[in-house]
């Protein structure tokens, strides 16, 4: 995610300037923009505004870590990369993005009722949890304090961005994407016992592959959310601390307190989100941290195993996948030894048993393993499968194997088990579900 080719000479004209950032063209590539943050913090649609030295760097650090994570799990965004430190003097407060037309709507996802929601809904108690998420949209208009728009109002407005009509299907697309962005970021923060209370994002339209594409755009930083460590409002670290200050009480000491909070969030975001990102390796890893193991009843099943391992690696970032051949019928004792070797590693989350004809492998492993065992019989013919499948389905009491046909689905089933402990894998699955929803939604619309 490092974009090192931006120099002061390649940064073009100022395209637009907001309260907290500037957007410049890129002379060498008109499809890109150079986004530079300001040392400015505002609230109340700009009614309250102060200089906060260092904020630009902290906001950029937070934003880049989040967008790198979103890109890695498969959420479409405008983010291209950080600016190489040696290429531009403002590298630490800037990033490169795709040039897009912004849709003038703030998309808000709420997990917990607080703040302005309580003012608009006085009968709702603070702390009420929304499951599913409460989604809201607000038209960006500082003069009118960003009024709330219902979904029907948004559809009826027939907004356009970069020639794309924001119709009912596009509104549903962005609502689903908003929900997904919140859920995947929330999932990572939960691993650090931080509660993501609510969050706002924006979207833009780019020209991608000859068609208009909606992507998550603008910035996501400590201005964009409420974040409560340990779920405790008194420990909040976000911009709400600044919003809560009376204008007459804001002095250098108060700004220092807010800056310190931003610094904590920037560091935690960088450390946490960068640590969970997985990179698929070009070949399977063989180490001491296996998460999924593949046990084959016969060497003839290797092609099916390789397809599962490839999907685990390429789609779900699960790289350490040992593949072992052991027949439960012919070498039962060895099969149990194989299981013992695999289960010595606490990282092991699931075993895929690959055997077709008279599957004894899955039941033997399932009856002795303390992790889920997934039967995945190779399909040689539908006639054979219709007979052989029963040896994978009919199990005695105490044998809890599941059975999944097809390498892609077997890999997904194993990945879902890993996802309960790995936020990046969970987020990758969630993003793929969102992308599938959007694809079907737009196909139906067309």
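A quick yes/no check of all residues on (1) surrounded by 20 or more Cβ atoms within 10 Å (Cβ to Cβ); (2) in contact with a strand residue (DSSP E or B) (Cβ under 7 Å, 6 or more places away or on another chain); (3) free of Cβ contacts under 8 Å to residues at least 24 places away in the same chain; (4) at positive phi:
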site	(1), (2), (3), (4)
41	yes, yes, no, no
44	no, no, no, yes
49	no, yes, no, no
57	no, no, no, no
62	yes, no, no, no
72	yes, no, no, no
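Output the number of the condition that residue 66 fails; it satisfies all remaining conditions of (1) touching a strand residue (DSSP E or B) at 6+ places or on another chain (Cβ under 7 Å); (2) under 19 Å from residue 204 (Cα atoms).
Condition (1) is where residue 66 drops out.
Among the residues of segment 264-287, is any over 30 Å from residue 371 (Cα atoms), surrounded by fewer than 19 Cβ atoms within 10 Å (Cβ to Cβ), in contact (Cβ under 8 Å) with a residue 60 or more places away in the chain and touching a strand residue (DSSP E or B) at 6+ places or on another chain (Cβ under 6 Å)?
No, because not a single residue in segment 264-287 is over 30 Å from residue 371 (Cα atoms), surrounded by fewer than 19 Cβ atoms within 10 Å (Cβ to Cβ), in contact (Cβ under 8 Å) with a residue 60 or more places away in the chain and touching a strand residue (DSSP E or B) at 6+ places or on another chain (Cβ under 6 Å).
Could you list, in sequence order, the residues of segment 2-21 that are surrounded by fewer than 17 Cβ atoms within 10 Å (Cβ to Cβ) and under 28 Å from the mean Cα position of the chain (by Cα)?
Looking only at segment 2-21, we keep the residues that are surrounded by fewer than 17 Cβ atoms within 10 Å (Cβ to Cβ), and these are 2, 4-5, 7-9, 12-19.
Selection gives 2, 4, 5, 18, 19.
May I ask you to say which residue of 311, 283 is within 27 Å of the chain's Cα centre (by Cα), closer than 20 Å to residue 351 by Cα and assigned to a helix (DSSP H, G or I)?
Numbers: 283 fails: assigned to a helix (DSSP H, G or I).
Going through 311, 283 in turn, just one is within 27 Å of the chain's Cα centre (by Cα), closer than 20 Å to residue 351 by Cα and assigned to a helix (DSSP H, G or I): 311.
Are there any helices (runs of 4 or more DSSP H) wholly within segment 365-446 with 1 or more residues that are closer than 20 Å to residue 304 by Cβ and out of contact with any helix residue (DSSP H, G or I) (no Cβ under 6 Å at 6 or more places or on another chain), and if so which?
Working: elements: 382-388, 390-393, 407-419, 423-445.
Output list reads 382-388, 390-393, 407-419.
Values quoted throughout were computed directly from the atomic coordinates according to the rules given, and no laboratory measurement underlies them. Keep in mind it's a predicted model, so treat the numbers as computed, not measured. Cβ atoms come from the backbone with ideal geometry, glycine included; neighbour counts cover every protein chain shown.
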